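The values are calculated or read from the model by the stated rules, or taken from the named source; none is laboratory data. All values derive from a computational prediction rather than experimental measurement. Positions of Cβ are backbone-derived with ideal geometry, glycine not excepted, and every protein chain shown enters the neighbour counts. For the accessible areas, the whole protein counts, side chains as well, though only heavy atoms, and no ligand, DNA or RNA atoms are used. Shrake-Rupley method; radii C 1.70, N 1.55, O 1.52, S 1.80 Å.
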Amino acid sequence: MRFDILTLFPEMFDCLVGTSILKRAIERGHVSLATYNIRDWTHDRHHTADDTPYGGGSGMVLKPEPIFEAVDSIKEDGAWPAPVVLLTPQGRLFTQEIARELAGPDRLILICGRYEGVDERVHRYLATDEISIGDYVLSGGELPAMVVVEAVTRLLPGVLGSAASPLDDSHVSGLLEYPQYTRPAVYRDYPVPEILLSGNHAQIARWRREQSLRRTLERRPDLLAKASLTPEEVRFVLKNSARELVK
Ligand code: 9D3
């Protein structure tokens, strides 16, 4: 997968490339990542990338020309056509399902907005997809682009070892993760649940599944609609959901 990232702050991506999964994925050739400074496609001597909004209003808007020209000049450097993803608060909410979708093509072009927004012509005539990572206000699309890059990268074949297959992830099973413990068995008087020390693997599996169900019911009941549950688990949820509803 090739990621091409258009931004006014390419330095922000240095920490992403320098650490963790992504660093290894790049070293092993699963991923390449290139950042481009939108300012390099401005033509005036102040390298102006933004301007005041037509019709008035506060704040500044990213101009369309540098962004269109940047995409024009990089498009032949990899697979084309490629998805052009604009990170914007108005985009569709990023999910694991969208991460899987974006892991399909060989290349993603990501455009990071800044200021109050990006000229609407970029939204309409350049971007093929618009993504938001959640309903909170950030200062630009850079952190969201990093979120997308990381979520997509770990889905690419060969990036994770088989020991950490992305199929094991809780958002794939549809339930929240069960509680995890490691040594010591007692820490500051806080014990590890006895069942986990019992060596009874069938009982442990049942306990974990029940913990996942309880947790999901309590914290993310919205997830239960899509989770695949056995009839017994459905009964469990129904038996316990009244209690959650009156909390
Ligand atoms: C406070 C300004 N807002 C007025 C309704 C609009 C606004 C414009 C630009 C809010 C944030 C931003 C900058 N954010 C992004 O470009 C962004 C973003 C985000 O803020 N939250 C979650 N996902 C994303 S993707 C891009």
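Things to note:
- For Gln180: the one exception among (1) modelled with pLDDT of 95 or more; (2) in a loop (DSSP other than H, G, I, E, B); (3) open to solvent by less than 90 Å² (accessible area, probe 1.4 Å); (4) more than 16 Å from the ligand (Cβ to nearest atom): (3)
- Candidates in segment 216-247 are the residues that are touching a residue at least 40 places away in the same chain (Cβ under 8 Å) and open to solvent by 60 Å² or more (accessible area, probe 1.4 Å); of these, the one that is farthest from Glu194 (Cα to Cα) is Lys226.
- The lone exception for Met1 - which of (1) over 22 Å from Gly134 (Cα atoms); (2) surrounded by fewer than 20 Cβ atoms within 10 Å (Cβ to Cβ) it fails: (2)
- When segment 63-100 is filtered for residues that are polar (S, T, N, Q) and over 17 Å from Glu142 (Cα atoms), the ones remaining, listed by number, are Ser73, Thr95, Gln96.
- Strands (runs of 3 or more DSSP E) completely within segment 52-161 that count 2 or more residues being open to solvent by 50 Å² or more (accessible area, probe 1.4 Å), within 16 Å of the ligand (Cβ to nearest atom) and of a type outside the set (D, E, K, R): 84-93
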